[in-house]
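*Asks:* Dropping a structure here in structure tokens format, bear with me for questions.
Derivation of every value follows stated rules applied to the coordinates shown; laboratory data play no part. Bear in mind the structure is a predicted one, so any value in this text is a computation, not a measurement. Reconstructed Cβ throughout: ideal geometry from the backbone, glycine too, with neighbour counts over all protein chains shown.
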Amino acid sequence: MKITAFAGSNSKNSINKQLVTHTAHLFQEQATQVLDLNDFEMPLYGIDLENEYGIPKSVIDFSNILKESDLLIISLAEHNGAYATVFKNLFDWLSRVEGTKGFHNKPIFLMATSPGARGGSSVLEIAKGRFPYNDGPVIDTFSLPSFSSNFNSETGITDTALKAELDAKIKNIKTQLNS
Ligand SMILES: Cc1cc2nc3c(=O)[nH]c(=O)nc-3n(C[C@H](O)[C@H](O)[C@H](O)COP(=O)(O)O)c2cc1C
């Protein structure tokens, strides 16, 4: 199973990147790649720009990576209750690629974390409701609240119940996708 994971953030110290990287490795699949949105530079989406210059190569490259994957793991940063700009921009560009509304019908394990107690629940709900309209079936979700209290960079999730919840979800997804 080929896994592609990334955070909806462009922060160098992204907590969502830490969470998504940790989670991707828990799947213990050989073909796992963690992308960084900073490696895919693209202009701010605009219809005039698209009409004049077409879709940027970085967007096509990103879209092709999604197309070649069997599972996407995405952990979204929450900014003002919604997507961080870097992710919304990527999402809008991806939705303009020919042949897909965005995610190529690849199953998505959707996650979010934040420093606060709600763990990015607002952006998680937005994405959970929206992604299916963009060829992105969300097969499960996981929110990690209060990141700094519940995550350790060496051992991962420290809260026993949250760790058990994530482990169970991973096991279930692996069973679903390998059957
Ligand atoms: C402009 C801005 C808006 C934010 N809005 C929210 C918010 O609505 N809810 C929340 O839980 N955290 C919010 N935060 C805090 C982020 O959750 C925090 O910066 C987190 O580290 C972002 O994830 P990242 O590290 O993966 O980029 C906001 C941060 C910024 C800079």
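*Asks:* In a Debye calculation with equal point scatterers on the alpha-carbon sites of region 99-143 and no solvent, what is log10 I(q)/I(0) at q = 0.26 Å⁻¹?
*Replies:* The Cα Debye sum returns log10 ratios of -0.85.
*Asks:* Of Thr141, Thr160, Thr4, how do they rank once you tally other Cβ atoms within 10 Å and put the fewest first?
*Replies:* Placing the least packed residue first, the sequence is Thr160, Thr141, Thr4.
*Asks:* Considering Cα pairs under 8 angstrom that are at least six residues apart, work out the relative contact order of the chain and quote it in whole percent.
*Replies:* 21 percent
*Asks:* Arrange Tyr45, Tyr53 by Cβ neighbour counts within 10 Å, fewest through most, would you?
*Replies:* Listing Tyr45, Tyr53 from fewest to most nearby Cβ atoms yields Tyr53, Tyr45.
*Asks:* Can you compute the equivalent ellipsoid semi-axes for the chain, i.e. the square root of 5 times each eigenvalue of the Cα gyration tensor, sorted largest first and rounded to whole Å?
*Replies:* Ellipsoid half-lengths, sorted descending, are 27, 18, 14 Å.
*Asks:* Please give the direction-averaged projected area of the C-alpha convex hull for region 29-95, in square nanometres with one decimal.
*Replies:* Result: a mean projected hull area of 5.3 nm².
*Asks:* How are the alpha carbon pair distances in region 1-60 distributed across 10 Å bins from zero to the largest one, expressed in percent?
*Replies:* In order of increasing distance, the bins hold 21, 38, 27, 13, 1 percent.
*Asks:* What is the order of His79, His25, fewest Cβ neighbours within 10 Å to most?
*Replies:* Least crowded to most crowded, the residues run His25, His79.
*Asks:* Sticking with this structure for a sec: Output the Cα-based Rg and Dmax of region 87-179 in Å, rounding Rg to one decimal and Dmax to a whole number.
*Replies:* For region 87-179, the Cα-based Rg and Dmax read 14.9, 44 Å.
*Asks:* Could you work out the helix-only [θ] at 222 nm for the chain, with each DSSP H run of four or more residues adding -39,500 (n - 2.57) and the total divided by the number of residues, to the nearest 500 deg cm²/dmol?
*Replies:* Value at 222 nm, helices only, nearest 500: -12000 deg cm²/dmol.
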